[in-house]
1. Among the numbered conditions (1) within 16 Å of the ligand (Cβ to nearest atom); (2) out of contact with any Phe, Trp or Tyr (no Cβ under 8 Å at 6 or more places or on another chain); (3) open to solvent by 10 Å² or more (accessible area, probe 1.4 Å), tell me where THR75 comes up short.
2. Scan region 142-195 for residues that are modelled with pLDDT of 95 or more and polar (S, T, N, Q) and jot them down.
3. Report, ordered by the first and then the second residue, all pairs with beta carbons closer than 6 Å, sequence separation of six or more or different chains, a first member in region 160-172 that is of a type in the set (Gly, Ala, Ser), and a second member that is not in a helix (DSSP H, G or I).
4. From the list ALA184, ALA119, ALA160, which one is more than 9 Å from the ligand (Cβ to nearest atom) and aliphatic (A, V, I, L, M)?
5. Enumerate the pairs (first residue in region 206-221 and assigned to a loop (DSSP other than H, G, I, E, B); second residue anywhere and modelled with pLDDT of 95 or more and within 12 Å of the ligand (Cβ to nearest atom)) with beta-carbon separation below 6 Å, excluding pairs fewer than 6 apart on the same chain, so at least 6 apart or on different chains.
6. Among the residues that make up region 214-231, is at least one of them within 19 Å of VAL143 (Cβ to Cβ), of a type in the set (A, V, I, L, M) and away from the ligand (no atom under 16 Å from the Cβ)?
7. Being within 16 Å of the ligand (Cβ to nearest atom), among the hydroxyl-bearing types (Ser, Thr, Tyr) and either closer than 19 Å to ALA217 by Cα or open to solvent by less than 20 Å² (accessible area, probe 1.4 Å) (or both), is that true of even one residue in region 127-149?
8. Say whether the condition of being charged (D, E, K, R), assigned to a loop (DSSP other than H, G, I, E, B), in contact with a strand residue (DSSP E or B) (Cβ under 7 Å, 6 or more places away or on another chain) and farther than 24 Å from GLY82 by Cβ is met by at least one residue in region 191-203.
Amino acid sequence: MVGIPEDFIEGSGNPALDAARLLRQRLEVNRGFGWDMPVGSASRASVPTQSAVSGEIEDREAVLESIRAEVADCTLCGLCEGRTQTVFGVGNKSARILFVGEGPGRDEDLAGEPFVGRAGKLLDKIIQAMGLAREEVYIANIVKCRPPENRNPATEEMAACFPYLERQVKALQPEVICALGGVAAKALLSTDLSVGRLRGEFHEYAGIPVRVTYHPAYLLRSPGEKKKAWEDIKALMAHIGLRLPA
Ligand code: URA
């Protein structure tokens, strides 16, 4: 069994080997649009043509851009009053894995991008330990505007904002969702159960498997729980057939 990577980073110590592993993992994380399959492979016929694929991606991009534009002007709840800007989401529009956090903090509100502060740096380490890059997954939040004083978003704020995430999920169609923390779990799974109770098994949102794990900000405060979070991540990867870097 693979143990917890040191601080969520794992490498062989050999940069060339690590780069080769990362490349292999990237080929696997890509949705298999055919370019990584041997020519003449038996299953190639079932792979969508390049133009069908680029058409699908363009559609996805167009849908996401139109949601992004709506979000940018949103005044559906009071959080809009305190924001510098909305924080829509970032990542690969063909990502197999969608991470969902709670809402922007100060750093994210200034940058307009989710998970760029301290918790974001830890999320990056988790993604790296998975053998992936941040650009290969998609990252979004339950609410798109920063709650004042970094408080948890209120139920009515989550309810107002959730339809945007709902539409993002529909456009992205990830194979698996990782709910980071209790707020994401509550909104996606309509539950008040704690992360401790919810983790360890797969749930479902809109037909997509959801794995709940601890929020990176919580892991910064409680590093002893990183081991459990890593177990959750490994289960999520196994669920979609992603191998860990050796
Ligand atoms: N915490 C979150 O839940 N989301 C962010 O984008 C940043 C910190």
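1. For THR75, the exception is condition (1).
2. Matches in region 142-195: ASN152, THR155, GLN168, GLN173, SER190, THR191, SER194.
3. ALA160/LEU76; ALA160/CYS77
4. ALA160
5. HIS215/LEU180; HIS215/GLY181
6. No: zero hits.
7. Taking every residue of region 127-149 in turn, at least one turns out to be within 16 Å of the ligand (Cβ to nearest atom), among the hydroxyl-bearing types (Ser, Thr, Tyr) and either closer than 19 Å to ALA217 by Cα or open to solvent by less than 20 Å² (accessible area, probe 1.4 Å) (or both).
8. The answer is yes; a qualifying residue exists.
The values are calculated or read from the model by the stated rules, or taken from the named source; none is laboratory data. Keep in mind it's a predicted model, so treat the numbers as computed, not measured. Note: ideal-geometry Cβ built from the backbone for every residue, glycine included; neighbour counts use all protein chains shown. Only protein heavy atoms, including side chains, enter the accessible area calculation; ligands, DNA and RNA are left aside. Shrake-Rupley method; radii C 1.70, N 1.55, O 1.52, S 1.80 Å.
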